[in-house]
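Engineer: Here it is, the structure, as structure tokens.
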Amino acid sequence: MKNIEGIDFKKINFILLDLDGVLTDGTLLYTPDGDINKVFNVYDGHGIVRGHEHGIKFAIISGRGDAVNKKRAERLKVEENYDNCSDKVAAFEEIKAKYHLTDESFCFVGDDVFDLPLLRKVAFSCAPVSAMEEVKAEVHYVSPKGGGHGAVRDIIDMILRKQGL
């Protein structure tokens, strides 16, 4: 893990989230018709609501594109939702330009090796305990909670505490 000394948590006002393995535990449940269902954690959802209450914006940047992803993003009023995103850094750069922000404004929560390029760009990089070992070795913070089991809520609560909220 990287050292969190020097991170100005008061500047973090946008949290980027991978979906599968972060907002879910990565399990895909297929119906007999071939539709995909996923399980989301209510604590993570409430964390996003709390973040919104304190002015934090959110984006989901997912390599997969499932209808349930869009529904979850809409339900949580996530400002930006990138599905089927093969270049997460490009999505980040678009968001950064759209909101006129710098790298210092962002936290990203990822769990797999293809998240590493973006994890290396943001001010505060995080992963759930269930993340790949290569990811956990490079982030600033590893939540003791697993993906889909409260990791997002833990990370949001930590940021809010560091901001004095």
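Engineer: Give, as a single signed number, the net charge of other residues whose beta carbon lies under 14 Å from the beta carbon of residue 115, with Lys and Arg counted +1 and Asp and Glu -1.
Structural biologist: Residues close to residue 115 contribute a combined charge of -3.
Engineer: According to a simple spin-label model (label point 7 Å from Cα along Cα-to-Cβ), what is the distance in nm between residue 163 and residue 52?
Structural biologist: 1.5
Engineer: Under a crude label model (7 Å from the Cα following the beta-carbon direction), how far is residue 39 from residue 99 in nanometres?
Structural biologist: Between residue 39 and residue 99, the label points sit 3.0 nm apart.
Engineer: How far apart, in nm, are the 7 Å Cα→Cβ label points at residue 87 and residue 30?
Structural biologist: Placing both labels 7 Å along Cα→Cβ, they lie 3.1 nm apart.
Engineer: Sticking with this structure for a sec: Amide H to amide H, which residues 5 or more places from residue 17 or on other chains are under 5 Å from it, using H placed in the peptide plane?
Structural biologist: 59, 60, 61, 109
Engineer: With a cut-off of 8 Å between alpha carbons and a minimum separation of six or more residues, what is the relative contact order of the stretch 9-162 in percent? Please list the in-between numbers first.
Structural biologist: On the way: 305 pairs, mean separation 45.5, N = 154.
It comes to 30 percent, rounded to a whole number.
Laboratory data are not the source of any read-out in this text; all were calculated from the coordinates shown. What you see is a predicted model; the values in this text were computed from it and never measured. Reconstructed Cβ throughout: ideal geometry from the backbone, glycine too, with neighbour counts over all protein chains shown.
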